[in-house]
Structures are given as structure tokens and as C-alpha cells.
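The values are calculated or read from the model by the stated rules, or taken from the named source; none is laboratory data. Since we're looking at a predicted model, the values are computed, not measured. In this analysis, Cβ positions are derived from the backbone assuming ideal geometry, glycine residues included, and neighbour counts consider all displayed protein chains.
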Amino acid sequence: MSRFKCGVFCRWTVHRLQRYMTHRAAAELKPRLVLGIESSCDETGAAVLDETGKILGEALHSQKEVHLKTGGIIPAVAQHLHKENISRVVQEALDRSGVAPSELSAVATTVKPGLALSLGIGLQFSLSFVRLHKTPFIPIHHMEAHALTVRMLQPLEFPFLVLLVSGGHSLLALAKGIDDFLLLGQTLDEAPGDTLDKVARRLSLIKHPKCSSLSGGQAIELLAQSGDRLKLQFRTPMGQHYDCNFSFAGLRNQVTGAINKKEKEEGIQQGQLLSCVGDIAAATQHTVASHIVKRTHRAILFCKAKGLLPQNNPTLVVSGGVVSNEYIRQMLRLLTDATGLQLLCPPSQLCTDNGVMIAWNGVERLKEGKGILSYDQEVQYEPKAPLGRDISTEVRDAAIKVPPLKLNVKC
């Protein structure tokens, strides 16, 4: 090759290399943006976040009013409402963010656990969306998303203890990484939110002038403020079981028995309001909170005994819709004060189901390159899906007895 041709070739090669490096640098500087989609139960949520956790746009459609009228969540009704609203909700989140689908780095969607019919709508929509726009897809575990939301709001290193309590779930786990959890205990029958809702329905609280627009759990919390929990005594569940599992069905049976007795005493029919609804609400709320606190206390003692929590600033993260209840939060605050843990709770709007927490879980996974699928891969939803590795048997075998704590909280 002549010296002239060699010089031209070298300059051409350098130019190509410079263009490549410029494009690569520009790609690395481009912010990573994630669209999160949530439809695991009765909320249709969507949000767009950048990699710092900044919420660029979000939208949410709640089905609460419809389900209040029907007396509970009917899966087929929830499915219909998701199908009717999901396209609009996602478009609103995108419009508010100013982000075009082509600018998204990934779409993250809840695929487990939850109501099968509801999960199916979210997944079907998401797969159509990512295939249309050729966008990477990140399947999300709903409870993992709840556990990690607090990391969007403030720096928090692993490991930390997690308590998740909602309408459909309750569990205790140790978070060791974004996809690395040790399951310490979980609900054996019905979740605490479900119990509170069923008690509220049995008390016909939707007929109470102060509660007509409230969910069952919200109605219980409101009426408990004017009740006396000492007027009725309910046994805290699973007192002789030294593990971290939860059980609320037995408590609900106790409350139902008390309601039946009071109705006979007051000479009223089922469906009419008792004069002592505040006392029943207060006693029920306190017993639910006591059960949650005692199981969480055992989880703290187990993790300390096994050296699973850091010595400096050990943390309990609490999330899920039930944690919007301020009485339960106060009880947990007394527990963490007594055991030397920091208590972190996301704000109430991020404790209930939403697209923001799903998008943030997607951001965390995108940063670490975990669980990212091609847009053309097949994905299945899973109505029942455990979180992490189950070590609840080890907790039970440790047989840790929880010492009594003073948990006096005003309703």
C-alpha cells in the first residue's frame, strides 16, 4: 500500500473510531427510563421513572368504589375494569412524563403473585407493548417491589428486615439483595387486610355515615379512634407457635362470635349497626397489630441471634396497604425503639399497589442486569409465587420466646 493510501486509510480508521466512541459515550450518558405497570389485584397503575428514582409521570385507576358496592373484590369484575382502563392509564403516565415509547430502556410489569385474571390483563398488554416497540421486558415479583420501594426514597444498603402486610399478603423476610430474600414467615390463611375488610363487612360499616366511602380497613381505623379496645378481649393468634408465620382467620371467627352475641343483646338483625362498633373496631385493630408486632419481634430476635442484620443501623422496612394504618405503624415504632432498629416506611400512597414501585424494581434490576428479557420472549404469570428461599422451618426450630413489651398506643 502506498504511503498516501496508508495515510488516507489511517485517517478514515481514526475517524470511524472517534465516531464510535462519541456514539458510545452518548449512549452511556442517555438516562435509563423504565415504564412500570401494575395490575395484580384491584389497582391499575403505571409510572415512568428515571434511574435516579425520579417520577417523571404516573397514573392510577382505583376500583375501590366498585368493589365497595359489591361487598368485596370479584375477580371477573376486577379483570374487566383492568382491561377497560389499562391502555388509558399507561398512556396518561407516558404523556405526563413526556417520554416516548421509543425512549424507554425497559418495561417492568407485575407477573406474580396476585389474582390470575388481573395479572393476565397486565401481562397481555405489556407483551403487546414491548413487541410493538421492541423494548426489553422485566417481569416483577409484586412483593419484591414493595420491599425495595424505600430504596427509591433514601439510601439503604442490604441486608435489612422486611415486613409486608396488605390485603392479600403478609410476610417477613430478610432482604440480602434486589433478588435475594430469605423468607422467615408468611400468612397461613388470610391476610390482615382481608380480615379487617371482612370484619367491616360483617359490621355493615358501609352503612355508617362516616364510612360510606371508606374501605373496610379504613373504616375500622376511623371507628377505632372513638372505641375502647378494653371492652372486648380477643386472643392474639398463634401464641403457642414459636415461628414467624401469620394467621388471622381464627381472630375473625372470634370477632364474628362477639358480633353475634352483641346483636342478640341489642336485639338487632344482621345488617343493622351495633352501638358498640367502635369498641369492636378498636379491639380488632389492636389484636391484628399485636399479632403482627409479636411475629416481627421474633424475626428481629432470630436475625440478631444468627448475625443476619448489620450491627450498625439495622433496619426494618415496612410496606403494604395495611401499613397505612397509623395505629399499626405506632405499634411497630414502639417495637423498633425497644429493639434498636431503624423503622422505615414509604409514604402511604406508595404502600398501596402502584406503578411507581414496579418501575423502581425495574430500575434496580436494569442497573444490575438481572431478569431482563428480550421483547419476543414468552412469559407466564404466577398467581402464587413465594418470595426468596424459605427458612421458616429454621425460625420455628429456634423456638424463640418473645418477651413482653409495653405496647400502649392510643387509637
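Things to note:
- Only residues that are more than 18 Å from E190 (Cβ to Cβ) and either under 25 Å from the mean Cα position of the chain (by Cα) or touching a residue at least 60 places away in the same chain (Cβ under 8 Å) (or both) were counted across the range 206-217, and they come to 6.
- Restricted to the range 296-378, the set of helices (runs of 4 or more DSSP H) holding at least 2 residues that are surrounded by fewer than 24 Cβ atoms within 10 Å (Cβ to Cβ) and aliphatic (A, V, I, L, M) comprises 326-339.
- Residue check, G216 under 17 Å from G71 (Cα atoms), in contact with an Asp or Glu (Cβ under 6 Å, 6 or more places away or on another chain) and surrounded by 17 or more Cβ atoms within 10 Å (Cβ to Cβ): yes
- Filtered by the rule that a residue be of a type in the set (V, I, T) and in contact with a strand residue (DSSP E or B) (Cβ under 6 Å, 6 or more places away or on another chain), the range 86-139 gives I86, V89, V90, V99, V107, T109, T110, V111, V130, T135, I138.
- Residues that are at pLDDT below 95 and surrounded by fewer than 19 Cβ atoms within 10 Å (Cβ to Cβ), drawn from the range 154-178: Q154, P155
- Only one entry in A108, A116, A100, A145 is at pLDDT 95 or above, on the phi < 0 side of the Ramachandran plot and touching a Pro at 6+ places or on another chain (Cβ under 7 Å), namely A116.
- Considering only residues in the range 37-84 that are within 18 Å of G217 (Cβ to Cβ) and among the small types (G, A, S), the one that is nearest to the chain's Cα centre (by Cα) turns out to be S40.
- Residue pairs meeting the criteria (Cβ under 6 Å; at least 6 apart or on separate chains; first assigned by TED's automatic domain parsing to the domain that holds L182, in the range 239-261; second in a loop (DSSP other than H, G, I, E, B) and of a type in the set (S, T, Y)): none
- Residues in the range 379-411 that are more than 21 Å from T149 (Cβ to Cβ), of a type in the set (G, A, S) and part of a loop (DSSP other than H, G, I, E, B): A399 alone.
- The lone exception for Q186 - which of (1) part of a strand (DSSP E or B); (2) over 27 Å from S62 (Cα atoms) it fails: (2)
- Which listed residue, of L148, L188, is within 14 Å of the chain's Cα centre (by Cα) and not charged (D, E, K, R): L148
- Extreme residue, surrounded by the most Cβ atoms within 10 Å (Cβ to Cβ), among residues of the range 33-66 that are in a strand (DSSP E or B) and polar (S, T, N, Q): T44
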